Amino acid sequence: MMKLTKKTAGFVMMSILLTMALAGCQSNSAKSPEAAQNSAENNTPDEQAKGEEASNSTAPASGNSEEQSAEAIKEGSIEKEGNVVLKELAFVYNEHTIAISDTANEDQMEQMLGKPDNLKSHTYSADDGTNMDTLIGFTEKVYTYPGLEIKTISIPEGKQDSIFHIEITDPKYTTVRNIKAGDSLDTLKNAYPEGKLLGNGAPDEEDDFRYEPSNYVDVMSFHIKDAKVESIQIFSLLD
């Protein structure tokens with residue numbers, strides 16, 4: 001009887017211990033999801049803030065990129081008075097300075113240079129055989145003087161004539177740096193150190209010496225023969 005009682009008491013104690021252990025496990029397992037949820041709720045704002053901060057630090061400034069992408073102004077598209085390049089691409093005659101991109105109608109040309117020996121006018125059209133589709137509607141005029149030829153062009157809609165090509169062979173017409181037909185190659189190089197010979201540059205051969213601004217649109221070209229300036233061309237590429 002005593003032995004049975006001890007066994008029964010031992011069994012009861014073991015049952016109590018097992019029950020307590022199970023209760024503890026259930027308590028821990030019940031708290032785990034809540035703790036995880038609380039942890040996630042506490043960390044989420046910080047993580048979002050860090051993410052937003054990182055995003056802001058790497059985001060480009062769209063306003064600055066638009067300001068920096070402003071289109072550059074082409075040299076030949078602004079007035080000569082504020083354009084050093086166009087002042088250089090000019091010649092002088094009787095105290096008149098005549099430059100590429102100057103506006104000049106027939107009366108003005110006659111006042112500056114006198115009556116031309118010949119004046120030709122042509123308005124480009126689709127069927128004129130020139131294949132100059134980009135100039136359809138434009139009117140080109142060619143003024144011919146002894147040792148000088150000047151071409152002007154006027155765009156449609158009544159715009160003024162503008163000089164785009166000058167060719168000089170007479171020494172009475174000088175560039176603004178006082179270079180004229182007949183000057184030596186050395187004199188030309190001293191006057192236009194920025195220019196360069198396009199060919200081999202041998203003094204006893206024909207070559208072209210070009211003074212060309214960085215815009216690649218307006219050009220002054222000196223044709224060299226026997227180490228002297230034979231002719232001068234000043235022109236603006238039409239586009």
Determine which single condition K196 fails, assuming it passes every other condition in (1) modelled with pLDDT under 95; (2) more than 24 Å from K115 (Cα to Cα); (3) open to solvent by less than 50 Å² (accessible area, probe 1.4 Å).
(3)
Which numbered condition D127 fails, given (1) charged (D, E, K, R); (2) out of contact with any Phe, Trp or Tyr (no Cβ under 8 Å at 6 or more places or on another chain); (3) under 20 Å from V92 (Cβ atoms); (4) surrounded by fewer than 16 Cβ atoms within 10 Å (Cβ to Cβ):
(3)
Identify all residues within the range 115-133 that are more than 21 Å from L237 (Cβ to Cβ) and modelled with pLDDT under 95; write none if there are none.
S121, S125, A126, D127, G129
Looking at the range 213-239, which of its residues are modelled with pLDDT under 90 and open to solvent by less than 10 Å² (accessible area, probe 1.4 Å)?
D218
Quick one: in the range 164-182, of everything that is part of a strand (DSSP E or B) and open to solvent by 10 Å² or more (accessible area, probe 1.4 Å), which residue is nearest to N105 (Cα to Cα)?
F164
If you scan the range 134-163, which residues turn out to be part of a loop (DSSP other than H, G, I, E, B) and of a type in the set (V, I, T)?
I136, I155
Just the residues that are basic (K, R) and surrounded by 15 or more Cβ atoms within 10 Å (Cβ to Cβ), please, taken from the range 130-163.
K141, K151
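The values are calculated or read from the model by the stated rules, or taken from the named source; none is laboratory data. Note that the structure is predicted; figures quoted are calculated from it, not measured. Every residue, glycine as well, gets a Cβ built from its backbone with ideal geometry; the counts of neighbours run over all protein chains shown. The accessibility values were calculated without ligands, DNA or RNA, using every heavy atom of the protein model including side chains. Shrake-Rupley method; radii C 1.70, N 1.55, O 1.52, S 1.80 Å.
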